[in-house]
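Worksheet: the structure to be examined is printed underneath.
The values are calculated or read from the model by the stated rules, or taken from the named source; none is laboratory data. Note that the structure is a prediction, hence the values are computed from the model and not measured. Note that we place each Cβ from the backbone using ideal geometry, even for glycine, and neighbour counts take in every protein chain shown. Remember, those area values only see protein heavy atoms, side chains included, never the ligands or the DNA or RNA. Shrake-Rupley method; radii C 1.70, N 1.55, O 1.52, S 1.80 Å.
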Amino acid sequence: MRTIQSRYVPQKRVIAGGFLMLALLVPSIISLISIEIAVSADMPLYKNTEAPVEQRVEDLLGRMTLEEKINMVSGDPATGFSTLPNERLGIPKFTMSDGPHGVRWGISTCFPTSVTMASTWNEALIEQVGVALGREALAKGRNVLLGPCINIHRVPMGGRNFESFAEDPYLVSRMAVNYIKGVQSQGVVATPKHYAANNQEKERGTISVEIDDRTLREIYLPHFKAAITEAGAWSIMAAYNRVNGTYNAEHKYLLTDILKGEWGFKGFAMSDWGAVHSTVETALSGLDLEMPTGAYTSDKLLKAVKDGQAPESVVDDKVRRILRAMITTGLFDGKIKIDKKWENSPEHRATALEVAREGIVLLKNEGGVLPLDRSKVHSIAVIGPNANIGRAGGGGSSYVTSLPIISPLDGIRKAAGSKVDVRFAMGCDIQLSVDFENIPSEHLSPTGGKEGEHGLLAEYFTGVNLEGAPVVSRVEKDIFYSWGASEPVPGLTHENFSARWSGTLIPPISGTYKLSIVSNGVSYLFINDKLKINNWVYGESGGKSVSMELEAGKPYKIRFEYLGTGGRAQAKIGWMLPGQNSITGATKIAAESDVAVVFAGIDSSIEGEGHDRTDIELPGLQNDLIEAVTAANPKTIVVLINGTPLIMKHWIDKVPAIVEAWYPGQEGGRAIAEILFGDVNPSGKLPVTLPNSWEESPAYGNYPGVDGKVYYKEGIFVGYRYYDKNDIKPVYPFGHGLSYTTFDYTDLNITPDKMGSDQETVEVSLEVKNTGKRAGKEVVQLYVRDVQASVERPVRELKGFRKIQLEPGESKRVVFEIDRTALSFYDVNKRQWVAEPGEFDIQIGSSSRDTRLSMIFRLE
């Protein structure tokens, strides 16, 4: 260990006649010098919180051995979610957690998913989400949040689209910047992901995205640039896929030339989990941290440096970046305050509720069916497989364990009040084309339960043989699970667990019941300890049924065992009452009610990390269910719960009202009910285009890829840009969303009407008035069109938006500033952004297809 030198020695000036004074001072001077040296020895420069960050980083780096540096650039295999600490020098570890809409570490607040966040078009609200995520991460001892996910929605079947914000890079940028600022304001490192052009889950680990530089720069990089240069993200995650043949984790052009060179990124670039494929290539590319272990950057990198294949200076740069983030965020200094009160706190749940309220989109509302009037509606039929279960998010690494999760049925019952009769029927399963409803909990009593307790005793085990002590034991009301690739309970993985549900079944009427179970993997149903169903399936969902005569009021022992060996985990138990099938039962209560609300959509077993959907149809019998219910009751409202577009052509003309609720988080059921009853005026706007079919989508014909490559032949014409270029009318356009009030746009003005060479911005302003009878929020959207350009450009591009709240009759002046970046395209020949002189059309409206005002100005 090197000698620590004193950085400061007090000096005294000796004046004439002061020899006696000097003699008296010498012992004190020596004492001060000794104390200063001792302090410096005890507290090296890198621990001095008053010293500049870069000096502290260099001081610490200079004390590290090569082996210690190598350890810093590899994940800790013991945790899988941290870096390796250095005890000798007191370097802490970076502790990490997924995910984008909730801290995936124990029980956490489950916020609405990112596509729902983007539907709010509310930057300040998304910053509040970031603050909450930062607080909750610290409360759980995590100081790196693996989010936000900011991939562009290119393919409507994308398995992780729900985790990402939108199809438009400007909207994604604004969401990402505010999210990151919020997270990092709490001293937690945000990690925008997945860099770059990671737009499908199918073959994600090997697929090569073949893309031209203009498309890359204009569509797939602007939001990453904003995350770095504007929000100051301290980390970034390199994606699994390849770009033009090179893996992202070893892509020098992306990681070094653009990220660290052009954008001046000072933080560290980590790999996605298992996304590293080489040692020297990865080391020289600009990747700084391999996660979750050091398969390629531990012993292999150490050998490469010693053999001269990679210079130690490259390792120094990686370590320097990680240390810089640690010191800047206060990890060394004890500044980070861990407050457990924030875990799933009332304040955070309130924020989750507000995001759900503002993210729900009213797509259609003919004849004023909505909002529901409690004084006129006396009975409501709540129907559908997404009605009585809270679908808070999709599957995979973003799945958040949260309690409680409010289902739409619970929300409606509470919001309706005691004078409204709320009836429920599932109608059909999400996926299966069979009659199947979950067993209402009031007909079940758990093993060992308390008097009056309903449901079944659930016991979860490690391994697939129901062996050992249960990891979790609890009473569950609905055994109707589609976990997909998510954890069934904290501490268990979807590939390696088993579960048992037991208790008593008490039928409400006598007759022939059809009992059914569904699973991915092996499952059994026992009635009175006798095996009634042996459901032996691997790797896919399968269901079996048995018909049994049951007597009303008689108790029957029931046991359902699931040996989760089928990959994407799923376990459900249900029944059909005597003389009834599921859709018939649903139409019956619909016909007898004043209003019917059908909750359709998908769930985490269909939509999640690691796989894309195979189509964009509503799965199972849901289309049939909606059509049957609508025929029984013309006042039928369809509420969709999903993360990606769904085809509506089968019934869109038959239902008067459609609500897109996305995955609305743990408070979603309450928010949906508030929207339906008009307690909250809907203000969400679509962040994606909803197509008529997969065949009309921009990526059709260029997905999933051929021979390991997927060609982005649509170029810059992604999302609404493609529909505008080809004059295709989608079901609902980008930016669309209705309100229970109306808004009038007037008095557009651009000042000045020319942007000179020495001028940075022009001001665009207009007047917006609430012309209805309800208070409401409107998203005013600004689009730019280059009237005549040397290259093909979109018909319009989003370059600004404002969300404003107006009381009835109230007006507000909305102001935007437009600079040259809003007018520019990427010139591949000049390899730079160019704003060509000429005319630009500023279009203002309520959606990309509802532009109500426009005006031309000139760029000189």
Do we have L284 as open to solvent by less than 50 Å² (accessible area, probe 1.4 Å) and either within 16 Å of G267 (Cα to Cα) or in a helix (DSSP H, G or I) (or both) here? no
Given the condition assigned to a loop (DSSP other than H, G, I, E, B), of a type in the set (D, E, K, R) and on the phi < 0 side of the Ramachandran plot, answer yes or no: does some residue in the range 429-438 qualify? yes
Taking the condition over 18 Å from N122 (Cβ atoms) and not acidic (D, E), does P664 pass? no
For the range 108-123, enumerate the residues that are under 16 Å from H348 (Cβ atoms), in a helix (DSSP H, G or I) and not hydroxyl-bearing (S, T, Y). M117
Single unsatisfied condition, A356 versus (1) under 16 Å from E136 (Cα atoms); (2) assigned to a helix (DSSP H, G or I): (1)
So in the range 465-477, with the set limited to residues that are under 25 Å from W105 (Cβ atoms) and part of a loop (DSSP other than H, G, I, E, B), which one is nearest to the chain's Cα centre (by Cα)? V471
Could you please find all residues in the range 459-471 being touching a Ser or Thr at 6+ places or on another chain (Cβ under 7 Å), buried (at least 16 other Cβ atoms within 10 Å of the Cβ) and under 18 Å from R559 (Cβ atoms)? E459, F461, V464, L466
Scan the range 659-674 for residues that are crowded, with 24+ Cβ neighbours inside 10 Å and of a type in the set (D, E) and report the count. 2
What is the residue count in the range 334-351 for residues that are acidic (D, E) and either in a loop (DSSP other than H, G, I, E, B) or open to solvent by 100 Å² or more (accessible area, probe 1.4 Å) (or both)? 2
Here the qualifying pairs (Cβ atoms under 7 Å; residues six or more apart or on different chains; first in the range 701-725 and over 13 Å from A197 (Cα atoms); second of a type in the set (G, A, S) and open to solvent by less than 50 Å² (accessible area, probe 1.4 Å)) come out as G708/S208; E714/A699; Y720/S848
Just give me the residues in the range 364-416 being open to solvent by 30 Å² or more (accessible area, probe 1.4 Å), small (G, A, S) and assigned to a loop (DSSP other than H, G, I, E, B), in sequence order. S375
Selection within the range 472-524 - open to solvent by 10 Å² or more (accessible area, probe 1.4 Å) and touching a helix residue (DSSP H, G or I) at 6+ places or on another chain (Cβ under 7 Å): K477, D478, I506, P508
Please list, ordered by residue number, the strands (runs of 3 or more DSSP E) wholly in the range 549-657 having 1 or more residues that are within 30 Å of Y460 (Cα to Cα), hydroxyl-bearing (S, T, Y) and in contact (Cβ under 8 Å) with a residue 12 or more places away in the chain. 556-564
Could you give me the residue pairs with C-beta distances under 6 Å whose first residue belongs to the range 221-248 and is more than 15 Å from N199 (Cβ to Cβ), whose second residue is open to solvent by 40 Å² or more (accessible area, probe 1.4 Å) wherever it lies, and which are 6+ apart or on separate chains? A231/K181; Y247/H277
Run down K300, K306, K260 and say which single residue is open to solvent by less than 50 Å² (accessible area, probe 1.4 Å) and of a type in the set (K, R). K260
The one condition P222 fails out of (1) farther than 17 Å from G264 by Cβ; (2) surrounded by fewer than 24 Cβ atoms within 10 Å (Cβ to Cβ); (3) not basic (K, R) is (1)
Do the conditions hold for G542, that is, is it touching a residue at least 24 places away in the same chain (Cβ under 8 Å), of a type outside the set (K, R) and on the phi > 0 side of the Ramachandran plot? no
Return the residue satisfying two criteria in turn: it lies in the range 547-564 and is within 40 Å of the chain's Cα centre (by Cα) and more than 22 Å from G448 (Cα to Cα), and of such residues it is modelled with the lowest pLDDT. G564
Taking S74 as meeting all but one of (1) in contact with a Gly (Cβ under 7 Å, 6 or more places away or on another chain); (2) within 23 Å of T351 (Cβ to Cβ), write down the number of the exception. (2)
Hits in the range 612-658 (condition: open to solvent by less than 10 Å² (accessible area, probe 1.4 Å) and charged (D, E, K, R)): none
Scan of the range 139-169 for residues that are open to solvent by less than 10 Å² (accessible area, probe 1.4 Å) and farther than 30 Å from Y723 by Cβ, ordered by number: A139, V144, L145, L146
Where in the range 156-272 are there strands (runs of 3 or more DSSP E), lying wholly inside it, with at least 1 residues that are on the phi > 0 side of the Ramachandran plot? none
Tally the residues that are assigned to a loop (DSSP other than H, G, I, E, B) and either within 22 Å of E201 (Cα to Cα) or touching a Phe, Trp or Tyr at 6+ places or on another chain (Cβ under 6 Å) (or both), restricting the search to the range 707-726. 10
Quick check, is E354 buried (at least 22 other Cβ atoms within 10 Å of the Cβ), more than 30 Å from V57 (Cα to Cα) and of a type in the set (D, E)? no
Go through the residues of the range 741-758 one by one and say whether even a single one is out of contact with any strand residue (DSSP E or B) (no Cβ under 8 Å at 6 or more places or on another chain), surrounded by fewer than 21 Cβ atoms within 10 Å (Cβ to Cβ), closer than 23 Å to L798 by Cβ and modelled with pLDDT of 95 or more. no
For V718: the one exception among (1) over 24 Å from the mean Cα position of the chain (by Cα); (2) open to solvent by less than 20 Å² (accessible area, probe 1.4 Å); (3) closer than 22 Å to R796 by Cβ: (1)
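Of K709, K725, K754, which residue is closer than 20 Å to P169 by Cβ and either of a type in the set (S, T, N, Q) or over 25 Å from the mean Cα position of the chain (by Cα) (or both)?
Unique residue meeting the criteria: K725.
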Subset of the range 230-249 (residues that are open to solvent by 10 Å² or more (accessible area, probe 1.4 Å), within 15 Å of A269 (Cβ to Cβ) and over 22 Å from the mean Cα position of the chain (by Cα)): T246, Y247
Does T282 count as modelled with pLDDT of 95 or more, more than 24 Å from the chain's Cα centre (by Cα) and within 13 Å of A197 (Cα to Cα)? no
Failed condition for G772, given (1) without any contact (Cβ under 8 Å) to a residue 60 or more places away in the chain; (2) in a strand (DSSP E or B); (3) open to solvent by less than 30 Å² (accessible area, probe 1.4 Å); (4) closer than 30 Å to V680 by Cα, with all others met? (2)
